[in-house]
1. Report the residue count in segment 20-33 for those that are over 20 Å from Pro46 (Cα atoms) and either of a type in the set (A, V, I, L, M, F, W, C) or in contact with an Asp or Glu (Cβ under 8 Å, 6 or more places away or on another chain) (or both).
2. Of everything in segment 36-64 that's assigned to a helix (DSSP H, G or I) and surrounded by fewer than 18 Cβ atoms within 10 Å (Cβ to Cβ), which residue is modelled with the lowest pLDDT?
3. How many of the residues making up segment 1-23 are within 18 Å of Thr91 (Cβ to Cβ) and either without any contact (Cβ under 8 Å) to a residue 24 or more places away in the chain or in contact with a Gly (Cβ under 6 Å, 6 or more places away or on another chain) (or both)?
4. For Thr91, all conditions in the list (1) in contact with a helix residue (DSSP H, G or I) (Cβ under 6 Å, 6 or more places away or on another chain); (2) surrounded by fewer than 20 Cβ atoms within 10 Å (Cβ to Cβ) hold save one; what is the number of the exception?
5. Going through segment 65-94 one residue at a time, which ones are under 16 Å from Val19 (Cα atoms), of a type in the set (Phe, Trp, Tyr) and modelled with pLDDT under 95?
6. Output the residue which, of all residues in segment 1-45 that are under 14 Å from Val57 (Cα atoms) and of a type in the set (S, T, N, Q), is farthest from the chain's Cα centre (by Cα).
7. Just checking, which of Val14, Val19, Val7 is within 20 Å of Val84 (Cα to Cα), out of contact with any Pro (no Cβ under 8 Å at 6 or more places or on another chain) and at pLDDT 95 or above?
8. Restricting attention to segment 67-74, does a residue exist that is among the small types (Gly, Ala, Ser), in a loop (DSSP other than H, G, I, E, B), farther than 24 Å from Asp102 by Cβ and in contact with a helix residue (DSSP H, G or I) (Cβ under 6 Å, 6 or more places away or on another chain)?
Amino acid sequence: MTFFDKVYEVVKQVPKGKVVTYGQVAYALGSPRAARQVGFALHVNPTPGIIPCHRVVNRFGRLAPAFAFGGEEVQAQLLREEGVEVDETFTVDLTRYLYQGDFNV
C-alpha cells in the first residue's frame, strides 16, 4: 500500500461533522513531518465522493484555498452540509470540530 493509499484510508475514517488536520493524518501514518505530502495526496484524490478530503484542514482550521474539487467555497459548503460551521474567513473552530479519535492504519 502506498503512502497516498494510507492517507486515503485514514481520511475515510473521519466522521461526518468533524475535521482533521494534515498534520494529524501524517502523524497517524507515522510520518509527522509529511503534512505537505498528505495535502498533495488529497489534491489528487481519485474518488472525492468516497474519500472525504473536504474534512481535512490546516493546523489553524483554515480550509484549502486551492481545494482540488472547486475551491474553498465548495469545501465550506460540503462541511456546512455536515453540520460544521465555517466562518467568513473559511476557518473551522478546531475546539469544536476536531476529530480526536484513533485511526486504524
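1. Total meeting the criteria: 1.
2. For segment 36-64, the residue satisfying everything is His43.
3. The qualifying residues number 2.
4. Here Thr91 meets the rest and fails (1).
5. Phe67
6. Out of the qualifying residues, it is Gln37.
7. Residue meeting the stated conditions: Val19.
8. yes
The values are calculated or read from the model by the stated rules, or taken from the named source; none is laboratory data. Note that this is a predicted model, so its numbers are computed, not measured. FYI the Cβ positions are ideal-geometry reconstructions off the backbone, even for glycines, and counts take in every protein chain you see.
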